[in-house]
Amino acid sequence: MTKHSRKQQPLRDSTQDIRTAHNVPETPQSQSPSYRLAFADSEFLTRPEMRPVRLQLELQKFEMILDEQNITSTIVLFGGARIPAPERRETARTPALADLSHFYEEARRFARMMTERSMAGGGHEDVICTGGGPGVMEAGNRGAQDAGGRSIGLNIVLPFEQAPNAYVTPELSFNFHYFAIRKMHFLMRANAICVFPGGFGTLDEMFEALTLIQTHRMEPIPFLLFGRAFWEGIINWQVLADAGTISDADLGLFQFVETAEEAMEYMDNWVAPPPRKAVR
């Protein structure tokens, strides 16, 4: 049996039927909600009972587009949306945020350097992937654009935010309803995770990824925390180990770095740790 492409298949295309249905004469029957094609009926698709279908759609759309774009792996940047670019540090909400503006520049430089390396290999591996918003996320996408390369933005619908930043590659700009699916996509193709200073969202993303590695649900990859003073100021990692709530070996799941160059060097010399026994 001959395998048909979407354009060559013998059965009528669903998009054709959507167009045809729009031209059906208006009658009480054709105007009834029950008459709408199920896959073109937004009211039906947003019903609570259809949540499993919506979850699958958000999972599938990203995967299909990255496959079509031939992107096989990513470098993920997490970080705060409120951290300003150095040229905008005067607009920061607090002096402390203004002092963190140099991390915007480090994220931008790191993304540029990584994208230059990716493009030298064809641009399919190690593509920069951010949350698509402002702050550190913008810096990552901006650095990739500085290098003339592509980058991914995984935005999410929030009540008070946020359009995708202007530096995300348009055909790789995504929008999500479900946080869980978005976080899954961050990690499914990640070759490294870089975490810059941020707030609750950044902490959530960081700890979920660390938990997956700690519990052997995800293979170890280079895991970089930019800014030792910031991270040690808000998390006493050693107290966790001393208390036994994590093991001493868990402290080796991540590495502190300060600059883009230091991050690149660490990634170049990173060796996957030997398999560890699961802690019960």
Output the residues belonging to segment 155-170 that are closer than 25 Å to R109 by Cβ and touching a residue at least 40 places away in the same chain (Cβ under 8 Å).
Q162
Among the strands (runs of 3 or more DSSP E) lying completely within segment 121-215, list those that include at least 2 residues that are surrounded by fewer than 24 Cβ atoms within 10 Å (Cβ to Cβ) and touching a Lys or Arg at 6+ places or on another chain (Cβ under 9 Å).
151-156, 173-176
Taking the condition assigned to a helix (DSSP H, G or I), under 18 Å from T259 (Cα atoms), out of contact with any Leu (no Cβ under 9 Å at 6 or more places or on another chain) and not polar (S, T, N, Q), does R51 pass?
no
Residues that are free of Cβ contacts under 8 Å to residues at least 12 places away in the same chain and either part of a helix (DSSP H, G or I) or closer than 15 Å to T130 by Cα (or both), drawn from segment 216-231
A229
F186 modelled with pLDDT of 95 or more and more than 16 Å from the chain's Cα centre (by Cα):
no
Filtered residues of segment 232-265 (kept if assigned to a loop (DSSP other than H, G, I, E, B) and in contact with a Gly (Cβ under 8 Å, 6 or more places away or on another chain)):
E258
N191 passes all but one of (1) under 30 Å from Q56 (Cβ atoms); (2) out of contact with any Ser or Thr (no Cβ under 9 Å at 6 or more places or on another chain); (3) among the polar types (S, T, N, Q); which number fails?
(2)
Take F44 and tell me if it is part of a helix (DSSP H, G or I), at pLDDT 90 or above and out of contact with any Lys or Arg (no Cβ under 8 Å at 6 or more places or on another chain).
no
Restricting attention to segment 125-142, which residues are touching a residue at least 60 places away in the same chain (Cβ under 8 Å) and charged (D, E, K, R)?
E125, D126
Suppose we keep only residues that are in a loop (DSSP other than H, G, I, E, B), in contact (Cβ under 8 Å) with a residue 12 or more places away in the chain and polar (S, T, N, Q) within segment 72-119. Which one would you say is surrounded by the fewest Cβ atoms within 10 Å (Cβ to Cβ)?
T72
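The values are calculated or read from the model by the stated rules, or taken from the named source; none is laboratory data. As the structure is a computational prediction, the values presented were derived from the model and not from experiment. Neighbour counts run over all protein chains shown; Cβ positions are idealised from the backbone, glycine included.
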